[in-house]
1. Cβ contacts < 6 Å: first residue in contact (Cβ under 8 Å) with a residue 12 or more places away in the chain, restricted to the stretch 78-89; second residue aromatic (Phe, Trp, Tyr) and not in a loop (DSSP other than H, G, I, E, B), any location; separation 6+ or different chain. Result?
2. For the stretch 113-123, how many residues are crowded, with 16+ Cβ neighbours inside 10 Å and either more than 17 Å from Trp61 (Cβ to Cβ) or of a type in the set (Asp, Glu) (or both)?
3. Check the stretch 24-42 and report whether any residue there is under 24 Å from Ser124 (Cα atoms) and either modelled with pLDDT under 90 or surrounded by fewer than 19 Cβ atoms within 10 Å (Cβ to Cβ) (or both).
4. Out of (1) more than 18 Å from Gln131 (Cβ to Cβ); (2) over 18 Å from the mean Cα position of the chain (by Cα), the odd one out for Arg50 is which?
5. May I ask you to list the residues in the stretch 65-103 that are among the aliphatic types (A, V, I, L, M) and within 11 Å of Leu125 (Cβ to Cβ)?
6. Given the criteria farther than 26 Å from Arg40 by Cα and in the same structural domain as Arg43 (by TED's automatic domain parsing), does Leu109 qualify?
7. Would you point out which residue out of Arg83, Arg134 is modelled with pLDDT under 90 and on the phi > 0 side of the Ramachandran plot?
8. I'd like to check something: does the stretch 94-108 contain any residue that is modelled with pLDDT under 90 and touching a strand residue (DSSP E or B) at 6+ places or on another chain (Cβ under 6 Å)?
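The values are calculated or read from the model by the stated rules, or taken from the named source; none is laboratory data. Note that this is a predicted model, so its numbers are computed, not measured. Reconstructed Cβ throughout: ideal geometry from the backbone, glycine too, with neighbour counts over all protein chains shown.
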Amino acid sequence: MDRRLNAHGASAKSGLKIVATGSRFLRPQVDPRSPGIANRASRYALRLRRALASAMRRDAWRDPVLAALYRTAQVEGIGLALRMKKAVVTFTEPPFRGGLHQIYDWKNLDELSDLELAELISWSLRESLCQSRRQ
């Protein structure tokens, strides 16, 4: 597959840019202003919001702390801090005052159903909460 890169090292179709992060390593960097990337990011954010709502319906009655975490969760279709093809769910309520970030690669989101994604979010949040209570 031949991909032509523009002067900035970005593929015109994908919005993908390769950035040197040291002398030996390269990491892809995504331009969130690219229309294709923005459309995919909004689609993944919507999927995560649906899965988060499903996980909340299933788990929120168990614990008021879980209910508060689900209520205030924030979803990004593309992690703006990462600028990579990853979606992020952030929980900022106590005990995660600094923030608990669940990061999902776009490829994995394509392979998981909404129910599997809800189970993954739910399990991960419950385990993180149990671990924080042990400390």
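1. Pairs that qualify, where the first residue is in contact (Cβ under 8 Å) with a residue 12 or more places away in the chain and the partner is aromatic (Phe, Trp, Tyr) and not in a loop (DSSP other than H, G, I, E, B), are Lys85/Trp106; Ala87/Tyr44; Ala87/Tyr104.
2. Of the stretch 113-123, the ones crowded, with 16+ Cβ neighbours inside 10 Å are 117-122.
Subset that is either more than 17 Å from Trp61 (Cβ to Cβ) or of a type in the set (Asp, Glu) (or both): 117, 119-120.
Total meeting the criteria: 3.
3. Yes; the residues of the stretch 24-42 include at least one that is under 24 Å from Ser124 (Cα atoms) and either modelled with pLDDT under 90 or surrounded by fewer than 19 Cβ atoms within 10 Å (Cβ to Cβ) (or both).
4. Condition (2) is where Arg50 drops out.
5. Val65, Leu66, Leu69, Ala73, Val89, Leu100, listed by residue number.
6. No; evaluated as a whole, the condition is false for this residue.
7. After ruling out the rest, the residue left standing is Arg83.
8. Just the residues of the stretch 94-108 that are modelled with pLDDT under 90, to begin with: 94-99.
Those still in the list that are touching a strand residue (DSSP E or B) at 6+ places or on another chain (Cβ under 6 Å) too: 99.
Within the stretch 94-108, one or more residues are modelled with pLDDT under 90 and touching a strand residue (DSSP E or B) at 6+ places or on another chain (Cβ under 6 Å).
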